[in-house]
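Enquirer: Structure below; questions to follow.
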Amino acid sequence: MNCVCSEALISPALDWPAVRDLPLRLGILASGNGSNFAAIAQAIDQGQLCAQIQGVIYNNPQARVAQRAAERGLPSVLINHRDFGGRETFDATVAATLRGWDVDWVIMAGWMRCATPVLLDAFPGHILNIHPSLLPSFPGLHAVEQALRAGVTITGCTVHIVTLAVDQGPIIAQAAVPIFGGDTPDTLARRIHTQEHQLYPWAIALAAGRA
Ligand code: GRF
């Protein structure tokens with residue numbers, strides 16, 4: 001069933017994949033606000049996504065996601081990339097922390113770092129990211145502004161498997177969001193976020209069901 005309404009056009013059928021016997025063990029990587037983390041945690045609490053969040057890693061001391069994790073009683077660890085000499089040593093610490101939590105899926109939720117082979121090889125094919133555009137359109141930074149500047153009338157969000165090529169990994173799921181005449185980066189980003197919060201938990205279940 002596809003859903004078309006004034007706010008969004010959800011392209012995938014949002015039927016939840018069959019419940020697994022064992023919960024997925026998720027490790028969350030987030031740099032900022034953490035609303036996608038909260039949406040995933042909520043989907044777990046509501047019994048939609050059969051998973052447990054093992055912990056949250058954030059790389060920015062001000063990241064609101066740390067507070068959100070604490071409110072849910074979930075462990076969070078600050079691993080600040082500025083404390084490392086290079087991207088590989090940073091990723092090695094991130095990977096070791098995730099391994100320590102016995103994570104089987106790594107969920108980038110607003111993680112503003114590019115993954116090196118050190119992280120990718122630690123969890124091959126098991127790292128997901130969400131991006132605020134319909135990839136392959138508008139990869140990289142400022143995707144919402146890019147879409148507005150390009151004058152497209154539909155944009156959206158994409159969940160994909162993370163690869164070395166930024167925002168180019170295999171697509172798991174997408175949701176489309178129309179762009180309205182008076183849209184600003186803020187109004188459009190807000191509507192995209194709303195779709196992200198529905199799409200990401202479901203896409204995690206979908207990816208895990210296919211793996
Ligand atoms: C989202 O728009 C996501 O697409 C992008 O970063 C943003 C994170 O938002 N990768 P939040 O921190 O989950 O609120």
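Any read-out appearing in this document is the output of simple, stated calculations on the displayed coordinates, not a laboratory observation. Just so we're clear, the structure is a prediction, and the values are computed from it rather than from any experiment. Here the Cβ positions follow ideal geometry from the backbone for every residue, glycine too, while neighbour counts run over all protein chains shown.
Enquirer: No solvent, one uniform scatterer per C-alpha: report log10 I(q)/I(0) for segment 92-174 via the Debye equation at q = 0.12, 0.16, 0.21 1/Å, two decimals.
Expert: Treating every Cα as an identical point scatterer, log10 I(q)/I(0) equals -0.37, -0.61, -0.92.
Enquirer: FRET efficiency for Glu145 and Ala211, Cβ-Cβ distance as r, R0 = 35 Å, nearest 0.05?
Expert: Details: r = 34 Å, r/R0 = 0.96.
So the FRET efficiency works out to roughly 0.55.
Enquirer: Further question: Counting Lys and Arg as +1 and Asp and Glu as -1, each charge on the Cβ, what is the dipole of the chain about the Cα centre in debye, to the nearest 20?
Expert: 160
Enquirer: Taking the C-alpha atoms of segment 34-139, how large are the radius of gyration and the largest Cα-Cα span, Dmax, in Å?
Expert: Computed over the Cα atoms of segment 34-139, radius of gyration and Dmax are 13.9, 42 Å.
Enquirer: Let me ask something additional. Rounded to whole Å and sorted largest first, what semi-axes of the equivalent ellipsoid does the C-alpha gyration tensor of the chain yield via the square root of 5 times each eigenvalue?
Expert: Values: eigenvalues 139, 83, 51 Å².
The three semi-axes for the chain are 26, 20, 16 Å.
Enquirer: Would you mind putting 74-82, 53-61, 28-36 in packing order, based on average other-beta-carbon counts within 10 Å, highest first? List each step's numbers first, then the result.
Expert: Values: 74-82: 14.8, 53-61: 20.9, 28-36: 22.6.
So the order, starting with the most tightly packed, is 28-36, 53-61, 74-82.
Enquirer: As I understand it, the dipole of segment 88-207 uses +1 on the Cβ of Lys and Arg and -1 on the Cβ of Asp and Glu, about the Cα centre. Which of Ser133, Ala165, Pro185 lies farthest toward its positive end?
Expert: The Cα lying farthest towards the positive end belongs to Pro185.
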